[in-house]
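Below is one structure, written out as structure tokens; the observations come after it.
The values are calculated or read from the model by the stated rules, or taken from the named source; none is laboratory data. Predicted model, so just to flag it, every value in this text is computed and none were measured. Neighbour counts run over all protein chains shown; Cβ positions are idealised from the backbone, glycine included. Note: areas computed on protein heavy atoms with side chains; ligands, DNA, RNA excluded. Shrake-Rupley method; radii C 1.70, N 1.55, O 1.52, S 1.80 Å.
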Amino acid sequence: MRNALLGVAIGIASAFVTCQVSIHALARTAAIAMPRGFPVELWDVFVLFGPGAWLVALVIHGVALRLASVHILAALLAFVATCVVALAAIGSLPVGGKTLLAWTLGAGLASWWVARGNRHRRDLAGLTS
């Protein structure tokens, strides 16, 4: 139970930091001029929301999970819920779907990566003892 509560706290904290950092990262990636004729959807995925939201969530949530031994699913659910609340608080929830999706994908990949690493370490510990 304590591990799950700590996971929720880590998820909330990492989501808060991700939202704050993404504001600046998205402003910088949005300032990059799109070449004429380039598909807007690809530009959004690879230039705007990739480094501006997805990569930010991946790094921040991944580091937060690696620093604390927490319940990973609880941290991910708290992360997503906090991001939804943050977007709703600033009035951007109706138009922030792409940003929310990018944050969720980044945090989800970080959660998968940390869970996979934890399982791999447990397997190695079982082999050596």
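Observations, loosely collected:
- Out of GLY11, GLY7, GLY50, GLY37, one residue alone is open to solvent by less than 40 Å² (accessible area, probe 1.4 Å) and over 16 Å from VAL114 (Cβ atoms). It is GLY50.
- Looking only at residues in the stretch 61-98 that are open to solvent by less than 40 Å² (accessible area, probe 1.4 Å) and without any contact (Cβ under 8 Å) to a residue 12 or more places away in the chain, the one that is farthest from ASN118 (Cα to Cα) is SER92.
- Pairing residues of the stretch 106-117 that are in contact (Cβ under 8 Å) with a residue 24 or more places away in the chain and farther than 14 Å from TRP54 by Cα with residues that are open to solvent by 70 Å² or more (accessible area, probe 1.4 Å) and in a helix (DSSP H, G or I), at Cβ distances under 7 Å and at least 6 apart in sequence or on separate chains, gives VAL114/ARG66.
- Residue satisfying condition, being touching a Lys or Arg at 6+ places or on another chain (Cβ under 9 Å) and farther than 17 Å from ILE12 by Cβ, within set PRO39, PRO94, PRO51, PRO35: PRO51
- Applying the criterion of being aromatic (Phe, Trp, Tyr) and touching a residue at least 24 places away in the same chain (Cβ under 8 Å) to the residues of the stretch 4-60, the residue that is farthest from THR82 (Cα to Cα) is PHE49.
- Within the set THR82, THR99, the sole residue that is modelled with pLDDT of 95 or more, under 21 Å from ALA25 (Cβ atoms), in contact with a helix residue (DSSP H, G or I) (Cβ under 6 Å, 6 or more places away or on another chain) and of a type in the set (S, T, N, Q) turns out to be THR82.
- The listed residue being closer than 24 Å to LEU93 by Cβ and of a type outside the set (Asp, Glu), out of GLY37, GLY11: GLY11
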